[in-house]
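Trainee: The following block contains the structure, expressed as structure tokens.
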Amino acid sequence: RYVFFLDPCNIDLVHQRIKSLALCVSACPRKELKTLADIQKFAETNGSTLCSYELQPSEYTTDPRATKLCPKYPVPESAPIPFFHRCAPVNISCYAKFAEALITFVSDSSVLHRLISGVMTSKEIIMGLCLLSLVLSMILMVIIRYISRVLVWILTILVILGSLGGTGVLWWLYAKQRISGSAVETQIAKDNLQALLIYAISATLFTVILLLIMLIMRKRVALTIALFHVAGKVFIHLPLLVFQPFWTFFVLILFWTYWITVLLFLGTTGSPVPNEEGFVEFRMVGPLKYMWWYHVVGLIWISEFILACQQMTVAGAVVTYYFTREKRNLPFTPILASINRLVCYHLGTVAKGSFIITLVKIPRMILMYIHTQLKGKENACARCMLKACICCLWCLEKCLTYLNQNAYTATAINSTNFCTSAKDAFVILVENALRVAAINTVGDFMLFLGKVLIVCSTGLAGIMLLNYQRDYTIWVLPLIIVCLFAFLVAHCFLSIYEMVVDVLFLCFAIDTKYNDGSPGREFYMDKVLM
């Protein structure tokens, strides 16, 4: 089942390959074999002959050819590499060189050797830091409702001070240059003075417009803060929401595994035909030739469908929370109740929404492929038009994704079909355009700051821990791995938080549209939102 190399550490670093005889064995030596007698005992016990097939196990200790046909001893302890089925030495330094040759990596071998050694040596620290980023993301989701108000007002004050300070400095420079430049009248001095005047006037206009916008948007910003506060309460009442990214990722991995398996089967469909070189290849005829396209469309559609199911599940649970007046009367598991409603009633809605995204995504991918193939061959006009089309399709895809998410929320509230829900959601969003703008700018920036905070905290902890590690030469790669994982984890968790805020906003907008707080038309919203 496994491939065993007689001399796995004999590496051809130029051609990135292992210069060693390779044998098929049923088991890898899991402990060091120090003599030919140990190798003979291993062969008799496990049925794996580690010497060349010319020698019988009984001849290992008596035949003089054994020194050339048997592995160099001591034979290092080795373990099978998953999927590759190669016996790899457990020893770190040898494994690093072995990995270079195994993956045929074209690079500076000594640098790669040190990088791989660094990752292998500090793997416990990497795992610990990845766990730390996970814990920090969960903590941030709980405490963000307490710090959102402070963050927003600090950001607002900094923006106002920055714009006023920049404008003041420009006017001061203009006045100073005008006074000091009255004695020297050169053309360059005049041009600089005029440029400063234009900059100062532009900065003044920008500052006035910015202050007016902030004055108009102050209540909308207050709404964003309130929504973040309520979103924190949602996660306290619905703790299973925190694990939503895990289930989605697990289902996506299962589907992608299935998709790759079917892709491999597709690669060997058709009739085996000998080619000109004497090898046999599988040639597809008829409808089979077009199954690749069908399979690729399936990949995009089902992936979008799984993500849409997550959005619908979150929307259903949050809608249940919002429109339950007495929170102690909430279902035992609103998440499971939401999944049940999704499976029973709303799979068609999710399928249609994800299919619309697929219809936009496929032409964009085709255009990107054409752009890649024609790189350097097309003229400037064609290149510009191609990029413009790709950009427009990307914008359309983002807009439809946002509309779909709100359509799923409308479906969760009213139990209407996809088209009706999309129309209702669109009308609500247009009626609350300024509020939407405030939430998408201020809210997204706050969540971005949260991601930066988690990555920086994890990176700082990584630097402090790796700094005291002495068994490697380079720890840049472990730190990059940790920071990338931290960003991915923070993005997954805070995207759920963003989803909850968006659902709460639509519920709030519908609540204020159809209720006014009078008897019989009481608000459902939290007191903070009132």
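The values are calculated or read from the model by the stated rules, or taken from the named source; none is laboratory data. In this text the structure is predicted, and so the values were computed from the model without any measurement. As a convention, Cβ positions derive from the backbone with ideal geometry for all residues, glycine included, and neighbour counts pool all protein chains shown. Surface accessibility is based on the protein's heavy atoms, side chains included, excluding ligands, DNA and RNA. Shrake-Rupley method; radii C 1.70, N 1.55, O 1.52, S 1.80 Å.
Trainee: Which one of these is more than 20 Å from residue 503 (Cα to Cα), hydroxyl-bearing (Ser, Thr, Tyr) and without any contact (Cβ under 8 Å) to a residue 12 or more places away in the chain: 372, 358?
Mentor: Numbers: 358 fails: without any contact (Cβ under 8 Å) to a residue 12 or more places away in the chain.
That would be 372, the only listed residue that is more than 20 Å from residue 503 (Cα to Cα), hydroxyl-bearing (Ser, Thr, Tyr) and without any contact (Cβ under 8 Å) to a residue 12 or more places away in the chain.
Trainee: State whether one or more residues within the range 166-177 are among the charged types (D, E, K, R) and within 30 Å of residue 311 (Cβ to Cβ).
Mentor: If we filter the range 166-177 for residues that are among the charged types (D, E, K, R), which is where we start, we get 176.
Okay, now just the ones that are also within 30 Å of residue 311 (Cβ to Cβ), so none.
For the range 166-177, residues among the charged types (D, E, K, R) and within 30 Å of residue 311 (Cβ to Cβ): absent.
Trainee: If you go through the range 499-513 one residue at a time, do you hit one that is over 19 Å from residue 320 (Cα atoms) and not small (Gly, Ala, Ser)?
Mentor: no
Here's the yes/no breakdown for (1) out of contact with any Phe, Trp or Tyr (no Cβ under 7 Å at 6 or more places or on another chain); (2) surrounded by 14 or more Cβ atoms within 10 Å (Cβ to Cβ); (3) closer than 30 Å to residue 153 by Cα; (4) not acidic (Asp, Glu):
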| site | (1), (2), (3), (4) |
| --- | --- |
| 197 | no, yes, no, yes |
| 201 | yes, yes, yes, yes |
| 218 | yes, no, yes, yes |
| 231 | no, yes, yes, yes |
| 252 | yes, yes, no, yes |
| 272 | no, no, no, yes |
| 282 | yes, no, no, yes |
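Trainee: When only residues in the range 297-326 that are open to solvent by 60 Å² or more (accessible area, probe 1.4 Å) and in a helix (DSSP H, G or I) count, which is nearest to residue 241 (Cα to Cα)?
Mentor: 307
Trainee: A follow-up question, please. Would you be able to tell me the number of residues in the range 52-79 that are within 47 Å of the chain's Cα centre (by Cα) and either open to solvent by less than 100 Å² (accessible area, probe 1.4 Å) or closer than 17 Å to residue 3 by Cα (or both)?
Mentor: Filtering the range 52-79 down to residues within 47 Å of the chain's Cα centre (by Cα) leaves 71-79.
Now narrow it down to the ones that are either open to solvent by less than 100 Å² (accessible area, probe 1.4 Å) or closer than 17 Å to residue 3 by Cα (or both): 71-72, 74-79.
Number of matching residues: 8.
Trainee: Restricting attention to the range 517-530, does a residue exist that is assigned to a helix (DSSP H, G or I) and either at pLDDT below 90 or in contact with a helix residue (DSSP H, G or I) (Cβ under 7 Å, 6 or more places away or on another chain) (or both)? Give the derivation first.
Mentor: Here is the first cut: in the range 517-530, the residues assigned to a helix (DSSP H, G or I) are none.
Within the range 517-530, not a single residue is assigned to a helix (DSSP H, G or I) and either at pLDDT below 90 or in contact with a helix residue (DSSP H, G or I) (Cβ under 7 Å, 6 or more places away or on another chain) (or both).
Trainee: Taking the range 327-341 on its own, how many of its residues are more than 21 Å from residue 253 (Cα to Cα) and in a helix (DSSP H, G or I)?
Mentor: Here is the first cut: in the range 327-341, the ones more than 21 Å from residue 253 (Cα to Cα) are 327-338, 340-341.
Remaining after also requiring in a helix (DSSP H, G or I): 327-329, 334-338, 340-341.
Looking only at that region, the number is 10.
Trainee: While we're on this one: Quickly run through the range 257-270 and pick out the residues that are surrounded by 14 or more Cβ atoms within 10 Å (Cβ to Cβ) and out of contact with any helix residue (DSSP H, G or I) (no Cβ under 8 Å at 6 or more places or on another chain).
Mentor: none
Trainee: Looking at the range 452-459, is at least one residue open to solvent by 10 Å² or more (accessible area, probe 1.4 Å) and under 29 Å from residue 511 (Cα atoms)?
Mentor: no
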